[in-house]
Amino acid sequence: MGQNISRRDFSKLLFTGAAGSALGVGAFSRRAGAANSRRVVVVGGGFGGASAAKYLKKLDPSLSVTLIEPKAVFYTCPFSNWVLGGLKTMQEIAQNYAVLKNRYKVVVLADTVVSVDGLKSTVKLKSGKVVGYDRLIVSPGIDFDFEAIEGYSKKVAESKMPHAYEAGPQTVLLQKQLHGMKDGGKVIICPPSNPFRCPPGPYERASLIANYLKEKKPKSKILILDAKEKFSKQGLFTKGWERLYPGMIEWRSASTGGRVLSVDSSAMSVITEFGPEKGDVINVIPPQRAGKIAFEAGLVDSSGWCPVNPISFESLIHPGIHVIGDACMAGAMPKSGFAASSQGKVTAAAIVRLFHGDVPVAPSLVNTCYSLIGPGYGVSVAGVYKLTTDGIVSIKGAGGLTPMDADDDQLSEEATFARGWYNNIAQDIWG
Amino acid sequence: MGEKMKLLLAAVMVFAASVHGGSELMADETAAVNPRGQILAFSCASCHGTDGKSVSIIPSFYGKSPEYLEMALKDFKSGKRYSTVMMRHAKGYTDEEIRLIAEYYGTVWQNNN
Ligand SMILES: Cc1cc2nc3c(=O)[nH]c(=O)nc-3n(C[C@H](O)[C@H](O)[C@H](O)COP(=O)(O)OP(=O)(O)OC[C@H]3O[C@@H](n4cnc5c(N)ncnc54)[C@H](O)[C@@H]3O)c2cc1C
């Protein structure tokens, strides 16, 4: 159909009804006469939000950009598994906002957004402060559905069974438990069903915990009780486990006893459909949904995630508010830090064009997720995405996995590039 | 996805194809920046650093010529040049898109100076 749409039809569409507001042009023209310095407020200084803030200022230094993030130090989830494996320190995965503030002149407020008033175009902060915006970008990451697993709660996560799916104190707790475990102990990892943040994350974690155990506690075992029937990069992980950690890691699919019904934190056990499993260290990764503020702001649909227009990541529910990163539904893109950052840049460019009275250009989005299986053994999955009339789809023939028959040189090169990737993306976002 | 949305997406894609460099000025960019090239190029920075300035073992683009970058990307795309991951990425771009990316990184350092 519309591939042959004429320029006239395009303009008509753009400036009428739903089409206009879906593109945000409606909101733009309402404010076309406003003061020169347009205000963008960004909620969350993680992979999506910090990227958007930096690229907004890079594209148009005259914008007033305010980033609201409660954490002074942001520990990245990427490479937090490397910390568990003894290959990185917490210090090495710590990022901060000094460069965004000093070099890019982003106003960084150490605060939390508690509510959004879409009609008045303001956000209210925990401190009581109210901040106005012309465009709002929301990148709050995920929230956990603690109720989904009986016996599990935020309190249990913070004391006995960490999820470690937000880096920081949770990572430190899980690491402490691993260090305290006896040789011959059992580590249980319980990954959630799809969709969730970082699909290969739990399996990279199993690999790098195995790396630590192999060195320090070689009689120990890892049991993965999965809510799914298959998982990301499964062939590559399984092969890597057989080569590096033979007999150490056991994976059970949902239908073969992997589905977790409840946990008993005092007995340190996990109850599956096939009965209880006792563990010395238990890592429960609960099901997820968009970050809390996305619910508060009414940006979420019945799926628990935020529907957005894939051109500018503007909410399909509230014009003028863009949702990026894990919280949004971005078609074929996975919930990764790389994807969140890619979306942050596309959104920044779209907003700048809207402010200038131009239509956003069609987005180009990318993802690469490296997973480390051992210190010199890396694998990756890549994707290049484009916009079609069906939304964001992966470009056929591009992207894909490290080949199953990759030789040791390639695996070791990928491990090296994984390290390089971390340094460069951290610099591209916070540096 | 609703029909209205589909139509809108189609419209934006057609429009995007007709956006030419030079017609849209960004505050800190010179007239030479093609917005389509820029959006394509932003993706690369996640591995190769902002403006293609790498701080790691991953190669920098900064200061390289558009011709060199275009050739390298095309060689990755055709498989003539080996790499772990670039072969998978380069296949996602048309020759015209590769030219735009190469032009962006081949000139960004001149614009910055
Ligand atoms: C173990 C693990 C390993 C991973 N490895 C990789 C990897 O190798 N590569 C990769 O690409 N991705 C990886 N990821 C995924 C990546 O961490 C996420 O996809 C990414 O962080 C998503 O970015 P975001 O901006 O949506 O959310 P986040 O990066 O989580 O940022 C959200 C921020 O918003 C703030 N916030 C929330 N609510 C509010 C509010 N109301 N007011 C103000 N601020 C608020 C939070 O404090 C937080 O700092 C990994 C994840 C895990 C768990």
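Among the listed pairs A:Lys54/B:Lys91; A:Lys345/B:Lys64; A:Lys88/B:Lys91, which are separated by more than 27 Å between their Cα atoms?
Beyond 27 Å between Cα atoms: A:Lys54/B:Lys91; A:Lys88/B:Lys91.
Over the range A:340-431, one equal point on each Cα, no solvent: what is log10 I(q)/I(0) by the Debye formula at q = 0.15, 0.19 Å⁻¹?
One equal scatterer on each Cα of the range A:340-431 leads to -0.73, -0.97.
If one computes P(r) from the Cα atoms of the protein assembly as shown, what percent of pairs lie at distances over 42 Å?
Of all Cα-Cα pairs in the protein assembly as shown, 19 percent lie more than 42 Å apart.
How many percent of the accessible area of the range A:133-220 is carbon or sulfur, using a 1.4 Å probe?
52
Multiplying the sequence separation of A:Thr416 and A:Phe274 by 0.36 nm and subtracting their Cα-Cα distance, what value in nm do you get?
Fully extending the segment from A:Thr416 to A:Phe274 adds 47.0 nm.
First obtain the Kirkwood hydrodynamic radius of the range B:31-113 from its Cα pairs, then insert it into the Stokes-Einstein equation at 25 °C and 0.890 mPa s, and state the resulting D in µm² per second as a whole number.
Approximately 194 µm²/s, per Stokes-Einstein.
What average number of partner chain Cβ atoms lie no more than 10 Å from the Cβ of the residues making up A:292-302?
Per residue, the number of nearby Cβ atoms from other chains is 0 on average.
D for the range B:72-113, whole µm²/s, Stokes-Einstein with Kirkwood Rh over alpha-carbon pairs at 4 °C and 1.567 mPa s: what number?
Taking Rh from Cα pairs, D becomes 119 µm²/s.
From Cα coordinates alone, what are the radius of gyration and Dmax values for the range A:85-166 in angstrom?
Cα only, the range A:85-166: 17.7, 49 Å (Rg, Dmax).
Please return the longest range in chain A lying between exposed loop sites, taking GluC sites (Glu not before Pro), DSSP loop only, at most 14 other beta-carbon atoms within 10 Å, and leaving the sites out.
Segment A:1-228 is the longest.
What is the interface area between chains A and B, defined as buried accessible area summed over both chains with a 1.4 Å probe, reported in Å² to the nearest 100?
The A and B chains share an interface burying roughly 5100 Å².
Mind checking the angle between helix A:234-244 and chain A's longest principal axis? C-alpha axes, 0 to 90 degrees, to the nearest 10.
40
Leaving out ligands and nucleic acids, and using a 1.4 Å probe, what accessible area per residue does the protein assembly as shown come to in Å²?
With all protein chains present, the protein assembly as shown gives 39 Å² per residue.
Find, among the chymotrypsin sites (Phe, Trp or Tyr not before Pro) in the range B:67-104, those assigned to loop by DSSP (not H, G, I, E, B) with at most 11 other beta-carbon atoms within 10 angstrom.
B:Tyr82
What's the longest piece of chain A with no exposed chymotrypsin sites (Phe, Trp or Tyr not before Pro), counting a site as exposed if DSSP puts it in a loop and it has at most 13 other beta carbons within 10 Å?
That gives A:16-273 as the longest site-free run.
The values are calculated or read from the model by the stated rules, or taken from the named source; none is laboratory data. All of these numbers come straight from a predicted model, not from anything done at the bench. Note that each Cβ is placed from the backbone with ideal geometry, even for glycine, and that neighbours are counted across all protein chains shown. These accessible areas exclude ligands, DNA and RNA; they are computed on the full protein's heavy atoms, side chains included. Shrake-Rupley method; radii C 1.70, N 1.55, O 1.52, S 1.80 Å.
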